[in-house]
Amino acid sequence: MTVISPSTPARSERALAALAEKPDGVIEQIAAKADVTPAEILAVLPEGAAVVVPAERWEPIWKDLSSWGDILMIVHTEDIVLEVEGSLPEGSEGHGWFNIHGDSPIGGHIRKERCVSIAFVDRGFHGRRSCSVWFMNAEGKAMFKVFVRRDKERALIAEQVTRFEALREASL
């Protein structure tokens with residue numbers, strides 16, 4: 001199974017049925033309901049809603065994302081949805097980790113080698129457009145996601161949408 005493709009027709013059918021019930025819901029919740037992975041839900045989104053590129057594109061994608069200004073980073077596990085706003089530090093490799101530290105509340109260490117693909121997700125979320133970059137692992141889950149931020153009126157920041165669309169195209 002590739003990270004973005006359902007492994008069997010039965011899993012795909014479950015993914016499609018769960019997505020049909022809540023097409024603009026939280027991907028992880030839709031996946032749990034269907035007993036599939038988030039990657040399998042991304043695979044059945046309408047064409048173009050999830051554009052996947054290989055993990056080998058990490059460096060230019062990260063470098064670009066680190067120049068966007070403040071973004072919203074989300075780490076979503078079964079136990080927590082952690083949301084942090086700030087700029088992405090450029091990061092560097094060291095001691096087997098991708099290390100991110102700087103003048104931002106976003107910092108830490110990422111097991112970069114576990115990333116198998118990167119998905120550019122552009123879809124409706126609770127009635128509004130949402131644009132994000134998902135760093136996916138081999139288990140079909142997002143290691144973390146980087147979202148285009150919203151302004152005070154809850155509209156996507158236009159400059160970041162333009163950057164998202166350009167980065168998605170450049171990454172193909």
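Here are some notes:
- Highest-MSF residue in the chain out of 98, 135, 120 [GNM, Cα springs under 10 Å]: 98
- Carbon plus sulfur fraction of accessible area for the chain, probe 1.4 Å, in percent: 52
- 14 Å cut-off, amide nitrogen to a point 7 angstrom out along residue 84 Cα→Cβ, residues in segment 96-115: 98-111
- Each distinct pair of alpha carbons in segment 45-90 adds a 1/r term; the inverse of their mean, the Kirkwood radius, is 12.7 Å.
- Local charge for residue 96 was computed over the other residues whose Cβ lies under 12 Å away, with Lys and Arg +1 and Asp and Glu -1, and equals +1.
- Compactness of the chain, expressed as Rg and Dmax over alpha-carbon positions, Å: 15.6, 47
- Rounded accessible area per residue of segment 1-118, 1.4 Å, Å²: 55
- Principal-axis tilt of helix 9-21 within the chain, Cα atoms, nearest 10 degrees: 80
The values are calculated or read from the model by the stated rules, or taken from the named source; none is laboratory data. All of these numbers come straight from a predicted model, not from anything done at the bench. We place every Cβ from the backbone using ideal geometry, glycine too, and count neighbours over all the protein chains shown. Each accessible area value is taken on the protein alone, full model and side chains, heavy atoms only, with ligands, DNA and RNA left out. Shrake-Rupley method; radii C 1.70, N 1.55, O 1.52, S 1.80 Å.
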